[in-house]
Amino acid sequence: MKRLTAVVALALAPLLVVAGLAWAAATDNMFPTSHTLGYCQTGMGHGAPCQTDNKDVYFYMDSGGENMLEAVDKQTVNNAIDGEYRPTDLAFHYDSTPVFSGSGETDIIYQEGSAGLPDSAAGMTWCDAAGGDVRDCDQQYIRIRGNGYYTYARVCHETGHAVGLQHGDIASPQLNKHTDTRLGCLLTPSDGHNALGANNRENINATY
Ligand SMILES: [Zn+2]
């Protein structure tokens, strides 16, 4: 019996090495995980953050009305996209003529405001239009409060949700969502951690 066990262990070892090379991320926190539904839900506060529909991410920042971003907030959004997301395989493009209907909507709409946010939340991301694959969202809204809440770290956090990244408690394996720094800017609460980090970057690049 001992001899047989040794043979099995030897046979398994090369498989583990290959798996390690293919997947070095700390956890799988890209939607869907084993702790989320398998399909995207629409509506504010509904379900887990969904994937965006492809690697070309078109974004718009509200420039009028009650949810408009001030110039300083727009600069913060651009800084966080430039610093954290352009180094990934995603290609971000500003869409100055946003599309809000049909099958090719602008992927991310950044807003400043507090309407609909729980008292405990500085910001929220939700899918407005599921589309294409069941994992995908055609249009995601990011709403972050005004008066100093529009920080680089929060833009990094909510933008992560808008491309499908989850908190640590619904990652697989689960990580402490408040303390495990491998979650980078997806740690919660959402302020204070500016860097997207290797784990999130790897999840993005494996998906898109
Ligand atoms: Zn979050």
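Computed from the coordinates by the stated procedures, all read-outs in this text should not be read as laboratory data. All values derive from a computational prediction rather than experimental measurement. Cβ sites come from the backbone with ideal geometry, for glycine too, and all protein chains shown count toward neighbours.
As an equivalent ellipsoid, segment 65-108 spans semi-axes of 20, 18, 7 angstrom, where each value is the square root of five times an eigenvalue of the C-alpha gyration tensor, largest first.
Give the relative contact order (percent, whole number) for the chain; include only Cα pairs under 8 Å separated by 6+ residues.
Values: 419 pairs, mean separation 55.5, N = 208.
27 percent.
Given charges of +1 on the Cβ of Lys and Arg and -1 on the Cβ of Asp and Glu, with all other atoms neutral, how large is the dipole of segment 35-193 about its Cα centre, in debye to the nearest 20? Walk me through the numbers before you get to the answer.
On the way: 9 positive and 22 negative charges, 80 e Å.
Here segment 35-193 has a charge dipole of around 380 debye.
With K and R counted +1 and D and E -1, the other residues having a Cβ less than 13 Å from that of ALA24 yield a net charge of 0. In the chain, helical runs assigned H by DSSP with n ≥ 4 each contribute -39500 (n - 2.57); averaged across all residues and rounded to the nearest 500, the mean residue ellipticity at 222 nm is -8000 deg cm²/dmol.
Potential lengthening of the chain between ASN78 and SER120 amounts to 12.6 nm, from the contour at 0.36 nm per residue minus the alpha-carbon distance. Checking every one of the chymotrypsin sites (Phe, Trp or Tyr not before Pro) in segment 64-100 against DSSP loop status and a limit of 14 other Cβ atoms within 10 Å picks out PHE100. Taking every Cα-Cα distance in segment 26-207 and sorting them into 10 Å bins from zero, the calculated P(r) comes out as 11, 42, 39, 8, 0 percent. Hydrophobic long helices, here whole DSSP H runs in the chain with Kyte-Doolittle means of at least -0.5 and Cα atoms spread over 27 Å or more along the helix axis, are found at 2-22. On the principal axes of its alpha-carbon atoms, segment 49-154 has extents of 37, 30, 26 Å, going from largest to smallest.
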